[in-house]
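No value in this document is a laboratory result; all are computed from the given coordinates. Computed from a prediction, not measured in an experiment: that's the story for all the values here. We place every Cβ from the backbone using ideal geometry, glycine too, and count neighbours over all the protein chains shown.
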Amino acid sequence: MIRLGGVFRAFLVVGLLTWAVGASAHQIWIEAPSTAAANVPVALEVCFGHSGERSTGPILVDNRPKLAAVVKTPDGQEEALSLGLNEDGYPAQFQARQAGFYHLGAVLETGIIERELHQIPPKTRIVMMGKAIVAVGEAREGLSLAVGHPLEILPVTNPCGLRVGDKITLRIVYKGKPIGGPDVLVRVGTLGPNPKDDPQLTEREWAIEGYPDSRGEVSFPLIAAGQHVVFLRYMDETPGEYAGTLSFSSDFSHLQPGDRYERTLYMTTLTFQVQP
């Protein structure tokens with residue numbers, strides 16, 4: 001284990017980012033290009049599974065009615081995205097009409113569990129969120145926008161032109177207010193490049209973690225190229241009553257208007273690319 005400034009811990013990860021709440025943890029994330037041109041369709045995909053390893057099969061069909069996605073334009077307008085379904089994700093596209101930063105957001109309501117699951121106590125409502133940002137043209141407007149999730153990772157650093165050796169600073173907000181300290185563990189991991197000319201290299205995955213300060217800010221060095229996923233889970237112990245429009249029940253969970261829960265577990269991601 002390598003310690004960086006006494007705050008960060010970097011480590012090689014066996015498997016595909018199993019640090020995300022254990023080997024059985026699931027989450028959603030959005031895969032999209034970092035940059036795009038105006039007036040050209042931009043393809044993206046909302047993914048479900050372990051970071052870097054997409055789930056397939058019936059679970060994607062089951063989750064589809066519980067999933068919603070939006071794009072927020074640089075001037076703050078929000079548009080719903082029409083999600084498709086393929087063998088390993090939910091494809092979509094949008095067309096940017098102006099230059100600026102476009103924020104993509106997805107929310108998956110997985111419901112209220114009635115029995116302990118992966119050390120999550122019963123009567124917990126679980127909400128998964130994912131986010132990505134696309135810079136269109138000479139992007140200047142819209143970087144600081146929030147997509148509006150209860151728990152959100154806001155980039156202080158422009159995440160759309162990062163290279164190995166750069167640093168990224170993130171701000172964590174919960175219901176619009178910055179949060180930090182020992183209860184807010186932020187983790188960044190990547191499936192980096194796999195140089196074939198290095199016979200001593202046995203793993204290519206890495207992750208790093210840290211705690212935001214009182215401003216909700218945390219910074220990470222970027223040491224590998226490829227797709228990066230920031231992951232954060234946060235438990236709000238406030239009881240509540242579901243007031244949305246979803247209605248489903250399964251062996252895993254349930255969610256109907258009026259259902260009560262004792263706490264909410266939020267899990268959120270931010271995906272970005274790092275160039276060599």
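Please report the antiparallel percentage of DSSP beta bridges with both residues in region 2-275, rounded to the nearest 5. Taking every DSSP beta bridge within region 2-275, about 85 percent pair in antiparallel fashion. Here's how it looks for Ile28: its modeled amide H is under 5 Å from those of Met129, which are all 5 or more places away or on a different chain.
Since only Thr169, Val188, Leu60 are under comparison, the one whose Cα sits farthest along the positive direction of the charge dipole of region 2-275, derived from C-beta charges on Lys, Arg, Asp and Glu, is Thr169.
Net charge around Thr271, counting only other residues with Cβ within less than 15 Å of its Cβ (Lys, Arg = +1; Asp, Glu = -1)?
Charge balance in the 15 Å sphere: -1.
Projecting the Cα atoms of Met235, Tyr90, Gly111 onto the charge dipole of region 2-275, computed from C-beta unit charges around the Cα centre, puts Met235 farthest toward the positive end. The number of Lys pairs in the chain with C-alpha atoms less than 19 Å apart, excluding pairs fewer than 8 positions apart on the same chain, is 6.
Annotation: extensible slack from Glu79 through Ser55 equals 6.0 nm (criterion: 0.36 nm per residue apart, minus Cα-Cα distance).
The helix-based estimate of mean residue ellipticity at 222 nm for the chain, built from -39,500 (n - 2.57) per DSSP H run of four or more residues and divided by its residue count, is -500 deg cm²/dmol to the nearest 500. With all projection directions averaged, the alpha carbon convex hull of the chain covers 15.1 nm². The tail of the calculated P(r) for region 129-276 beyond 23 Å holds 46 percent of all Cα-Cα pairs.
Do you know the relative contact order of region 2-275, to the nearest whole percent, from alpha carbon pairs under 8 angstrom that are 6+ apart?
On the way: 722 pairs, mean separation 58.0, N = 274.
Taking the mean separation of contacting Cα pairs over the length of region 2-275, I get 21 percent.
Taking the Cβ of Val173 as the center, what net charge do the other residues with Cβ under 11 Å away carry, scoring Lys and Arg +1 and Asp and Glu -1?
Values: positive: Arg171, Lys175, Lys177, Arg215; negative: Glu152, Glu217.
Computed value for this residue: +2.
For region 27-104, state which GluC sites (Glu not before Pro) are in a DSSP loop and have at most 12 other beta carbons lying within 10 Å of their beta carbon. All intermediate terms of the calculation are to be shown ahead of the outcome.
Working: sites: Glu31, Glu45, Glu53, Glu78, Glu79, Glu87; in loops: Glu87.
Passing sites in region 27-104 are Glu87.
How large is the charge dipole for the chain, taken about the Cα centre, if only the Cβ atoms of Lys, Arg (+1) and Asp, Glu (-1) carry charge, to the nearest 20 debye? Don't skip to the answer; put the middle values down first.
Working: 24 positive and 30 negative charges, 94 e Å.
Around 460 debye, computed over the chain.
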